Structures are given as structure tokens and as C-alpha cells.
Amino acid sequence: MKKHVLIGVTGGIAVYKLLDVASKLRKLGYEINTIMTENACEFVKPLSFETITNNYVVTDTFARPHKWEVEHIALAKKTDLMLIAPATANVIGKIANGIADDMLTTTVMAVKGPVVIAPAMNTAMYENPIVQENIAYLKSKGYLFIEPDSGWLACGDIGSGKLPTPDTIVSYVTKELEGERDLEGKHLLLTAGPTIEAIDPMRYITNHSSGKMGYAIATEAVKRGAEVILVSGPTQLECPRGVKRIDVKSARDMYKAVDEHVEWADAVIKTAAVADYRPENESAHKIKKNGKELVLNLVPNPDILKSLGEKKKHQVLVGFAAETEHVVEYAKNKIQNKNLDFIVANNIAQSGAGFKGDTNIATIIKSNGEIIEYPQMTKNELGDIILDQVKTYLSEVE
């Protein structure tokens with residue numbers, strides 16, 4: 001069955017490049033539909049896209065449909081990927097703020113597949129803090145971005161904001177649609193998020209983990225064909241498509257869930273920030289304040305990662321080390337003490353590498369002593385790099 005690409009065209013001078021994009025995608029066998037904003041029609045007429053795609057171009061939310069259906073919903077349902085290009089500051093801002101006041105922005109709200117946005121605008125506009133905040137926000141919600149090129153712009157300025165070449169855009173779209181399913185048939189067991197340890201029915205001990213790193217790895221693993229079980233502590237994140245999520249609360253809950261599924265797994269990636277200690281006694285009733293100090297006796301939780309290392313047979317085992325000092329030294333010790341294949345270490349005190357952000361700065365340390373440092377990148381990008389390393393280790397045990 002043909003895959004379906006929906007192209008949303010907005011009002012920028014680079015609109016003409018999308019004719020070539022549509023043509024190349026159609027020649028590759030994709031079905032193409034197009035939505036054009038009113039401003040886009042000032043640069044290129046809908047007839048041009050209709051001729052190339054052999055499909056009617058939608059321009060007006062309230063135009064009578066060619067066949068009876070709720071048009072924006074019908075388009076969204078059959079879309080495997082939506083491409084918005086050239087994406088103006090205006091449309092990026094609308095999507096980021098949930099504004100749906102034309103056919104393009106209405107439809108994007110209903111699309112459940114990947115949405116790829118290719119910004120194109122003047123350098124000063126692209127670098128405007130509001131535009132950058134909108135882009136960062138959309139990235140955090142799972143929208144994908146093709147970074148603009150640098151060069152001569154239509155206004156005569158030189159800088160970032162130039163729409164990439166049609167070949168670059170087509171390559172990105174096809175990779176996202178087809179993806180190299182190099183983990184097909186592999187079973188990945190992931191942990192993510194914090195654990196919580198009850199003090200009484202109202203209070204508990206936890207940490208700042210958001211779960212974003214583990215969820216990012218799960219998202220990328222499914223794209224690459226893996227079967228994924230995600231054991232997750234409490235988070236506000238949506239379960240990635242195609243992932244089986246097991247919700248847990250405490251470290252003991254997580255230990256039990258991981259232990260039940262470890263034999264199934266080809267690789268285990270432990271990103272969860274598990275509480276090292278729990279209150280020795282959980283009060284059945286709310287502890288009332290009485291003006292005196294409250295002393296909690298804390299006892300160790302089971303060490304999930306060490307237990308996995310002790311039981312490891314065929315599995316590739318990956319740990320994480322979130323530290324604030326002596327990052328590499330502590331991570332190396334963890335590799336030895338817990339029998340890991342490699343560890344992903346980061347300094348959580350470093351800007352861009354903390355728990356709740358959408359980026360990370362990591363160092364991968366292997367059991368053979370090799371150390372690879374990576375610059376700041378999105379957690380999804382780092383997730384792909386981690387999976388590349390997992391793939392290498394898996395090939396060695398086959």
C-alpha cells in the first residue's frame with residue numbers, strides 16, 4: 001500500500017521548491033496531498049501542485065468538499081507523515097499555541113503521525129527568541145524539524161533561515177517514513193522516570209527525573225523496529241506509539257517488573273532514577289506535626305542494575321550515571337561494580353544536561369575503557385546514538 005504524505009505549504013518565497021519536493025516524492029511512489037494557505041497561493045497557484053500530485057489542493061476551510069467527508073479529518077486519518085514547508089514564523093507560532101484558524105493548522109492538530117517542519121525565513125526572524133522558544137516547545141512535543149541552511153536569503157541578508165534543498169527535504173521525509181529497521185526482531189526492556197517511596201498516605205520521597213530520556217529511547221527504538229517494554233515510574237509523558245508500558249511507583253515495584261521481563265529482553269537500558277533508599281516504616285495514617293523534629297529511618301532499596309548485572313546471560317546491559325562531580329570516575333566504577341556493557345554518564349548540574357530538559361550532554365563509557373564524548377543534543381538524537389551502540393553489542397553476541 002502506498003504511503004501518504006500531506007504537504008502543508010505556507011506563504012514564503014521558497015514555495016517553489018516544494019513543487020520539486022512533491023514531484024520527487026511522487027516519483028518515489030508516495031501519494032501526495034497538499035494544503036496551501038491563502039498566502040502561499042500568492043506565490044504559486046494550486047494548479048501547479050494539482051498537476052504534479054494529481055490530487056485536488058485544499059485551500060479553504062469552508063469550501064464545499066469534492067466528496068462528502070469532514071475534509072481536515074479525512075486528510076489527517078490517511079496521512080502517514082505531514083510535511084510543513086516552507087514553515088513561516090507565523091505558522092510555527094500558531095501550531096505552538098494551539099491556534100487552528102485555517103485548513104492547514106486545523107489539520108495538523110488532527111494528524112497522529114509524525115509532523116516534519118522545515119522553517120524558512122529571514123535570519124533575524126529565525127533567531128528571534130520567541131520563534132526559537134516556539135520551535136523548542138514543539139520539539140518537546142514530538143514535532144520534527146529540518147534545520148534551515150545558511151546562505152544568501154531572498155531579502156539580501158546572509159545567515160540561517162534558508163529552506164534546504166528539495167533533495168535534503170525528500171531524504172529526511174523518506175528516512176522518517178521508511179527508517180532503517182535495523183532492530184527488527186530485537187526485544188528491548190527500558191526503565192524510565194523516578195520512583196516514589198511512601199512516608200505516609202500523603203507524603204513520599206522522590207527525585208527530579210522527568211522520564212524524558214527513557215521515553216526518547218523507547219520512541220527511537222520502535223522506529224527502528226524493536227519490540228519495547230517500558231517500565232515507567234510516575235511521569236506526565238504519553239506512552240510512545242508501539243511501546244508496551246508497565247506503570248510502577250516504588251523501586252521494589254520496578255525491581256519486580258524488570259525481573260519478570262529480563263529473560264525476554266535482548267538488551268536492557270536502565271535510564272530510571274531509582275530511589276536508593278526508602279523509609280523503613282510507612283505510616284498507615286498521615287503523620288501529624290507536633291512541633292518536634294521528624295526523624296525518618298531510611299533503608300536501602302534493591303539495586304536493580306546490580307541485580308541485572310549478576311543475572312546477565314545473553315543481554316546487553318546499559319546503565320546511566322547522573323552525577324554532579326567526578327562524572328567519568330564514578331561511571332567507570334559503576335561499569336565494573338554492576339557488570340555493564342556500557343554506561344551513559346552526564347553531569348546534571350551542567351546547563352542543557354539536567355533531568356527535566358529536552359536536551360542532554362553525555363559521555364558514553366564502554367567496558368573496554370573507550371570513552372566517547374557528545375555535545376549537547378536532543379534526547380531523541382542521543383537515544384539514537386545509544387541504540388547504535390546497543391546494535392553493535394548485539395551483533396557481537398549473535
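Just so you know, all these numbers are worked out from the coordinates, no wet-lab data involved. Fair warning: this is a prediction, and the values are worked out from it, not measured in the lab. Quick reminder, even Gly has a Cβ in these numbers, built from the backbone with ideal geometry, and neighbours come from all protein chains shown.
Here are a few candidate values for Cα Rg over 2.2 N^0.38 Å: [x] 1.14; [y] 1.00; [z] 1.27. Which one was actually calculated from the structure I just gave you?
Structure-derived value, by its label: [x].
If each Cα of the range 231-272 is one equal point scatterer, what is log10 of I(q)/I(0) from the Debye formula at q = 0.15 Å⁻¹?
Result of the Debye calculation: -0.37.
Once Rh for the range 4-178 is found with the Kirkwood sum over Cα pairs, what is the Stokes-Einstein diffusion coefficient at 4 °C and 1.567 mPa s, in µm²/s? Write down the numbers at each step before the final one.
On the way: Rh = 16.0 Å.
In µm²/s, the coefficient rounds to 81.
With the contact rule set at Cα under 8 Å and sequence spacing of 6 or more, what percent relative contact order holds for the chain?
Relative contact order for the chain comes out at 11 percent.
On C-alpha positions alone, give me the angle between the axis of helix 15-27 and the longest principal axis of the chain, in degrees, nearest 10.
80
Run the reach check for Lys311 against lysines, Cα to Cα strictly under 24 Å, same-chain hits fewer than 8 apart removed. What comes back?
Lys311 reaches Lys186, Lys244, Lys249, Lys256, Lys270, Lys332, Lys334, Lys338, Lys366, Lys391.
In the range 187-397, what percentage of the DSSP-assigned beta bridges are antiparallel, given to the nearest 5?
35
Convert 10 °C to kelvin, take the viscosity as 1.306 mPa s, use the Kirkwood radius over C-alpha pairs of the range 332-372 as Rh, and evaluate the Stokes-Einstein diffusion coefficient in µm²/s, rounded to a whole number.
Values: Rh = 11.0 Å.
For these conditions, the coefficient is 145 µm²/s.
Which ordering of Leu294, Leu308, Leu19 is given by a fewest-first count of other beta-carbon atoms within 10 Å?
Leu294, Leu19, Leu308
For the range 75-214, what value does the Rg/Rh ratio take when both radii are computed over Cα atoms and Rh is the Kirkwood radius, given to two decimals?
Using only Cα positions, Rg/Rh for the range 75-214 is 1.09.
At a 10 Å Cβ-Cβ cut-off, how would you order Lys292, Lys27, Lys77, fewest neighbours first?
If I rank by nearby Cβ atoms, fewest first, I get Lys292, Lys27, Lys77.
Cα-Cα pairs above 20 Å in the range 187-397: how many percent?
57
Angle, helix 129-140 long axis vs. longest principal axis of the chain, Cα atoms, 0 to 90°, nearest 10?
For helix 129-140, the angle is close to 60 degrees.
Can you tell me the orientation of helix 166-178 relative to the chain, as the angle in degrees between its alpha-carbon axis and the longest Cα principal axis, to the nearest 10?
Result, in degrees: 50.
Starting from the Cα of Asp303, move 7 Å in the Cα-to-Cβ direction to define the label point; list residues of the range 358-379 whose amide nitrogen is under 18 Å from there.
Flagged as within label range: 367.
With just the Cα atoms defining each centre, how far is the range 226-256 from the range 9-28? Give it in Å.
The range 226-256 and the range 9-28 have Cα centres spaced 40 Å from each other.
Note down the nm distance, to one decimal, between modelled labels 7 Å out along Cα→Cβ at Asn339 and at Glu310.
Roughly 0.9 nm, to one decimal.
Mind checking the full-extension length gain between Asp253 and Thr51? Use 0.36 nm per residue of separation minus the Cα-Cα distance, one decimal, nm.
Separation in residues times 0.36 nm, less the Cα-Cα distance, equals 66.9 nm.
So if I take the centroid of the Cα atoms in the range 301-336 and the same for the range 71-150, what is the distance between those two points in Å?
Taking the Cα centre of each part, the range 301-336 and the range 71-150 sit 39 Å apart.
Around Leu298, which amide H atoms from residues at least 5 apart in sequence, or from another chain, sit under 5 Å from its own amide H, with H modelled in the peptide plane?
Counting only residues 5 or more places away or on other chains, the set is Glu280.
Multiply the residue gap between Lys141 and Ala124 by 0.36 nm, knock off their C-alpha separation, and tell me the result in nm, one decimal place.
Gain on extension, Lys141 to Ala124, equals 3.6 nm.
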